[in-house]
Amino acid sequence: MLKIENLSVSVEDKPILKDINLEIGDGETHILLGPNGGGKTTLLLAIMGLPKYKVTNGRIIFRGTDITNMPINERSKLGIGLMFQKPPKVTGVKLFQICELTSGKKLKFEEIEKFSEKLNLREHLKRDINDGFSGGEIKRSELLQILCQNPSLVLLDEPESGVDLDNLSVIGELINELLEKDKVKGRIRSGLIVTHLGYILNFVNSDKGHVLMDGKIICSGNPRDLFEEIKKHGFERCKECN
């Protein structure tokens, strides 16, 4: 699904990521752990292609296509979807309108409404995007847009950040549903989830975890095992295994 080769990324001429190598297979969900400022969000936004995040070396391959220099809209059309950690408020655009656009205008209002009911957002569909939304509502709004887009690769940036326990349960269950195995077809999507607090691991079945520190992936393994070690000894212990 995704192959990253020797990727280095700078933001405003400041090197952030250094020689990142990562492969995510079809139907796999990977968890990206690490301290704040380590480069986790930068990696997601570089995969999505935000212009501020300049690739200075390496390649990003998505489903066999080199997307390293491809614009955001083309990456989205190919099947990459991103849930931002801190999405903006957008006035003048209704939530249902952005959902129509993310679906490629394939979904009718009634179909979007069905998705919104799962996320308790039916009353928000005709409101401006994230305007006056609580932290949990903003996260659910982002997830609604992902569901409508129906991407092959889902990038989630700290989905539990700023969310209370009730909202976290709803969000976690729907993320797991989004990324879970189909009993007939097998898994139909891959995911890369950034987490700092690790709470999302209580809800999402993940295949592999990675620790990203100082712009480098320093170790990989079972995500729950990694997180338990981090809770006991902190991220600095991970450097000893590198």
Would you confirm whether any residue within region 114-130 is β-branched (Val, Ile, Thr) and at pLDDT below 90?
no
When the residues of region 96-107 are narrowed to those that are at negative phi and in a loop (DSSP other than H, G, I, E, B), which ends up surrounded by the fewest Cβ atoms within 10 Å (Cβ to Cβ)?
Lys106
Of the listed residues (Glu74, Glu28), the one being farther than 29 Å from Ile230 by Cβ and of a type in the set (Asp, Glu) is Glu74
Within region 1-17, can you find the residues that are in a strand (DSSP E or B) and under 14 Å from Thr42 (Cβ atoms)?
Ile4, Leu7, Ser8, Val9, Ser10, Val11, Lys14, Pro15, Ile16, Leu17
Of the numbered conditions (1) closer than 23 Å to Thr195 by Cβ; (2) touching a strand residue (DSSP E or B) at 6+ places or on another chain (Cβ under 8 Å), Asp66 fails exactly one; give the number of that condition.
(1)
Can you tell me which residues in region 82-95 are crowded, with 16+ Cβ neighbours inside 10 Å and either farther than 13 Å from Cys148 by Cα or free of Cβ contacts under 8 Å to residues at least 12 places away in the same chain (or both)?
Phe84, Gln85, Pro87, Lys94
Out of the residues in region 1-48 meeting the condition of being more than 15 Å from the chain's Cα centre (by Cα) and of a type in the set (Val, Ile, Thr), tell me which one is surrounded by the fewest Cβ atoms within 10 Å (Cβ to Cβ).
Val11
Looking at the structure I just gave you, is Glu229 out of contact with any Leu (no Cβ under 8 Å at 6 or more places or on another chain) and buried (at least 20 other Cβ atoms within 10 Å of the Cβ)?
no
What are the pairs, 6+ residues apart or on separate chains, where a residue within region 57-81 that is surrounded by fewer than 13 Cβ atoms within 10 Å (Cβ to Cβ) and of a type outside the set (Lys, Arg) has its Cβ under 7 Å from a residue that is at pLDDT 95 or above and outside any loop (DSSP other than H, G, I, E, B)?
Asp66/Arg59
Checking Lys139 against (1) crowded, with 23+ Cβ neighbours inside 10 Å; (2) touching a His at 6+ places or on another chain (Cβ under 8 Å), which single condition isn't satisfied?
(2)
Name the residues in region 188-242 that are among the acidic types (Asp, Glu) and touching a His at 6+ places or on another chain (Cβ under 7 Å), would you?
Asp207
Take Leu174 and decide whether it is out of contact with any Phe, Trp or Tyr (no Cβ under 8 Å at 6 or more places or on another chain), buried (at least 20 other Cβ atoms within 10 Å of the Cβ), farther than 25 Å from Gly39 by Cβ and at pLDDT 75 or above.
yes
Which members of region 148-168 meet the condition of being at negative phi and more than 9 Å from the chain's Cα centre (by Cα)?
Cys148, Gln149, Pro151, Ser152, Glu160, Ser161, Val163, Asp164, Leu165, Asp166, Asn167, Leu168
Filter region 200-221 for residues that are in a helix (DSSP H, G or I) and touching a strand residue (DSSP E or B) at 6+ places or on another chain (Cβ under 8 Å); the one that is modelled with the lowest pLDDT is Ile200
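The values are calculated or read from the model by the stated rules, or taken from the named source; none is laboratory data. The model shown is predicted, which means the values in this text are computed figures rather than measured ones. Virtual Cβ from ideal backbone geometry, glycine too; neighbours counted across all protein chains shown.
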